[in-house]
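Working notes, beginning with the structure itself.
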Amino acid sequence: MKNIIYLIIGLPIVNIASAQQDTLTNTIKRDVEVINYYLPTLSNPYKLQVDPVIDDNIQYKATFNYQTLNKVQSIKTTPDSLEAATMTFRPEETQYNTWVKGGIGNYGNIYGQLVYNIGTNDKYHLSVDLGHHSMLGKVKLHETDKKVKAPSTRTWLGADFATFFKNNTALDANAYFRNFTYRYYGYQTLQDTLLYYGYQTLQNTLSDYDNLTDSILGSDLRDNDKQQRQTTFDLNLKYGRRMADPREKFTWNTAFAFGVFGNRTGVKQKDIKLHFYLRQPLKTNYLISFDVNTNTNLISVPDYDGNAYNFESRHHTDVSIRPNFGIDFDIVQLRAGLNFILEFDDKDNIYMQPDIYADFNVSDGAVTLYLGMTGGYKANSFRQLAEENPWVSSDACNFVWKAENNTYEPTKMQTTQNPIRLTAGLRAKIAHVVAFDISADYAAFDDELFFINKGYQIADSLFIEKTGIQAHYTNMFGVISENGKVGKINAELNITPVSKTQILLHGSYYNWKLDYLEEAWYKPKYEAGIDIRVFPIDRLLITAGINSLSKRYGYNHTTATKEKLDMLLDINLGGEYRINSQWTAFVNFNNMAAQDYRRWLGYSSHKFNALAGITFKF
């Protein structure tokens with residue numbers, strides 16, 4: 001059954017719980033809240049269509065998870081792993097250990113993937129995943145209606161291994177190599193023959209540069225190589241003991257993760273993470289837990305004597321220590337503790353945050369009220385920024401507001417933290433047909449990062465006098481940090497009227513309150529969508545989705561004003577038909593409304609695009 005889980009998330013992921021069949025028998029009888037709803041498909045490879053995804057090119061899903069308000073998950077102490085609950089549910093078809101998938105489409109869309117599972121038994125599991133996805137077409141820019149080359153490719157190779165021992169312990173290991181290449185194709189206003197001063201910020205005016213004598217040609221501020229890449233290698237090891245009901249026995253696990261990131265410009269990042277967790281029952285319905293996480297980011301930068309970049313290396317380590325006391329009854333589950341965070345960087349800091357959370361079962365598990373008072377912490381790194389926005393500048397200069405100077409000034413990357421976060425919500429299900437989750441969150445944040453186009457002040461006073469334009473911007477992005485508060489209202493509704501139909505509606509509304517920024521750049525006010533999966537006849541699956549993202553704002557240095565990015569409406573339709581037990585044909589249509597939307601200022605997306613192909617299972 002592991003193969004089903006692997007394909008749901010797009011890459012084979014090992015779940016050690018499959019070795020614990022005796023434990024799972026008890027788990028399934030309990031009430032488990034499934035975070036990602038799953039309807040089995042006629043063909044396993046369907047679940048891999050969404051990964052890898054080239055943002056704004058292949059298939060755009062208008063969903064965002066902001067670190068300031070991560071979704072709260074149930075604190076129930078059983079089961080320890082939500083994935084374990086889904087593993088006893090088998091689809092209607094026979095599973096195959098190996099399959100190959102290929103497809104082609106417009107915009108030079110080429111897709112190929114091979115997945116090989118070398119068996120699964122009560123002692124071990126091993127699987128390998130190899131794939132490549134290219135988009136080689138052109139994109140029409142919103143600002144000029146000019147078509148530009150926007151090639152991008154993704155190549156990946158991964159392997160997962162698990163071995164199981166006595167006493168419900170297991171060792172998980174996975175290693176993944178990924179390479180993403182792309183082009184800075186976005187619109188920008190920088191002119192090669194004009195002279196510019198340094199890195200432009202929001203509040204600067206020409207008077208701020210009166211004491212500067214050096215100016216730089218626009219051609220020297222461009223990245224000479226318009227191509228870029230992100231190459232990563234990640235190794236994860238996990239060893240521990242999992243129990244269906246940790247109230248009965250001592251539970252523990254440890255984990256180690258090592259990651260390497262590099263790009264064409266020469267920025268390199270190493271990530272080292274350690275995790276240690278234990279949970280000890282005191283007596284029936286009472287327990288204590290202890291959770292320790294360490295995270296180290298080592299960011300090195302190339303030797304550089306040009307003007308396009310202003311590199312800063314960073315060595316950062318943080319340690320999170322979370323002692324907790326828990327109460328677990330059928331009516332209420334409570335977690336109470338503290339989160340101590342030790343940060344070691346240019347300046348050492350210590351943070352302390354509350355960690356209190358409770359579930360109240362109002363109606364025998366059918367209706368659950370949850371409340372929480374917690375915090376949050378995010379050690380920002382260049383890899384994290386580049387994976388969220390591939391067009392970010394390799395120097396990723398972070399601007400911070402300096403009240404004493406009444407302006408933003410560049411500094412090293414800041415760490416984001418939520419001193420306090422309040423949560424309240426209601427989960428319910430009705431006769432296994434309807435389930436919903438409605439929640440409200442409120443969080444304060446310090447040094448949350450927002451993307452902003454990288455801009456430069458014009459040094460030619462005659463050009464300024466003639467045009468009235470004081471600055472231009474490039475097609476790369478920097479980041480600017482801000483303090484403030486954000487509220488979120490979230491709603492999800494899952495309807496399964498019959499066994500072969502599933503409808504999921506979801507929506508979120510955000511209310512940002514910032515200390516200095518005019519807008520929460522590129523953050524939406526709301527996002528909403530509906531996803532449908534239907535089996536109208538045997539062997540045929542049809543999927544449909546409509547996702548909407550509200551208007552957003554980016555800062556336009558040329559006009560010195562905010563620029564609105566129109567609401568995004570993404571309509572998708574897909575289908576797959578099982579020809580026989582081995583062959584399956586599939587087709588996907590994305591952005592069916594052919595909307596010319598922009599996720600980032602200067603970067604238009606592909607309009608209507610299609611991908612069709614076949615899957616052969618061994």
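The values are calculated or read from the model by the stated rules, or taken from the named source; none is laboratory data. This structure is a prediction, so every number in the text was calculated from the model and none was measured. FYI the Cβ positions are ideal-geometry reconstructions off the backbone, even for glycines, and counts take in every protein chain you see. The area values use the complete protein model at the heavy-atom level, side chains included, leaving out ligands, DNA and RNA. Shrake-Rupley method; radii C 1.70, N 1.55, O 1.52, S 1.80 Å.
Per the listing N556, N588, N547, the residue uniquely buried (at least 16 other Cβ atoms within 10 Å of the Cβ), more than 30 Å from G478 (Cβ to Cβ) and in contact (Cβ under 8 Å) with a residue 24 or more places away in the chain is N588. Residues in region 476-499 that are touching a residue at least 60 places away in the same chain (Cβ under 8 Å) and outside any strand (DSSP E or B) were compared, and the one that is most open to solvent (accessible area, probe 1.4 Å) is P497. In summary, strands (runs of 3 or more DSSP E) completely within region 130-196 and bearing 3 or more residues that are in contact (Cβ under 8 Å) with a residue 12 or more places away in the chain and over 24 Å from K454 (Cβ atoms) occur at 152-164, 169-183. Residues in region 515-539 that are in a strand (DSSP E or B) and open to solvent by less than 40 Å² (accessible area, probe 1.4 Å) were compared, and the one that is nearest to G574 (Cα to Cα) is F535. Among the listed residues L282, L342, which satisfies the condition of being more than 30 Å from Q457 (Cα to Cα) and either open to solvent by 70 Å² or more (accessible area, probe 1.4 Å) or in contact with a Cys (Cβ under 7 Å, 6 or more places away or on another chain) (or both)? The match here is L282. What pairs come out if I take residues in region 435-454 that are basic (K, R) and modelled with pLDDT of 90 or more and pair them with residues that are part of a strand (DSSP E or B) and open to solvent by less than 20 Å² (accessible area, probe 1.4 Å) whose C-beta lies under 8 Å away, six or more apart or interchain? Going by the 8 Å Cβ cut-off, there are no qualifying pairs. Looking only at region 529-562, residues that are within 30 Å of G468 (Cα to Cα) and over 27 Å from the mean Cα position of the chain (by Cα) come to 5 in all. Among the numbered conditions (1) closer than 30 Å to Q470 by Cβ; (2) part of a strand (DSSP E or B); (3) open to solvent by less than 20 Å² (accessible area, probe 1.4 Å); (4) not polar (S, T, N, Q), the only one that Y510 does not meet is (1).
I542 meets all of the listed conditions (1) without any contact (Cβ under 8 Å) to a residue 24 or more places away in the chain; (2) in contact with a Lys or Arg (Cβ under 8 Å, 6 or more places away or on another chain) but one, namely (1). With respect to P323, is the statement that it is farther than 26 Å from Q280 by Cβ and either of a type in the set (S, T, Y) or surrounded by fewer than 16 Cβ atoms within 10 Å (Cβ to Cβ) (or both) true? Spelling it out, it is not the case that P323 is farther than 26 Å from Q280 by Cβ and either of a type in the set (S, T, Y) or surrounded by fewer than 16 Cβ atoms within 10 Å (Cβ to Cβ) (or both). Among the residues of region 430-475, those identified as open to solvent by 30 Å² or more (accessible area, probe 1.4 Å) and in a strand (DSSP E or B) are I430, V434, F436, I438, A440, Y442, D446, D447. When residues in region 126-150 are screened for being open to solvent by 40 Å² or more (accessible area, probe 1.4 Å) and not aliphatic (A, V, I, L, M), 10 of them pass.
Matching residues to (1) modelled with pLDDT of 90 or more; (2) in contact with a Gly (Cβ under 7 Å, 6 or more places away or on another chain); (3) of a type in the set (A, V, I, L, M, F, W, C):
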{"site": "V498", "(1), (2), (3)": "no, no, yes"}
{"site": "T501", "(1), (2), (3)": "yes, no, no"}
{"site": "K513", "(1), (2), (3)": "yes, yes, no"}
{"site": "D531", "(1), (2), (3)": "yes, yes, no"}
{"site": "P536", "(1), (2), (3)": "yes, no, no"}
{"site": "G545", "(1), (2), (3)": "yes, yes, no"}
{"site": "K551", "(1), (2), (3)": "yes, no, no"}
{"site": "T561", "(1), (2), (3)": "yes, no, no"}
{"site": "R578", "(1), (2), (3)": "yes, no, no"}
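Within region 92-141, the set of residues being aromatic (F, W, Y) and at pLDDT 90 or above comprises W99, Y111, Y116.
Counting only residues that are surrounded by 15 or more Cβ atoms within 10 Å (Cβ to Cβ), out of contact with any helix residue (DSSP H, G or I) (no Cβ under 7 Å at 6 or more places or on another chain), more than 21 Å from D214 (Cβ to Cβ) and not charged (D, E, K, R), how many does region 297-320 have? So the count comes out to 7.
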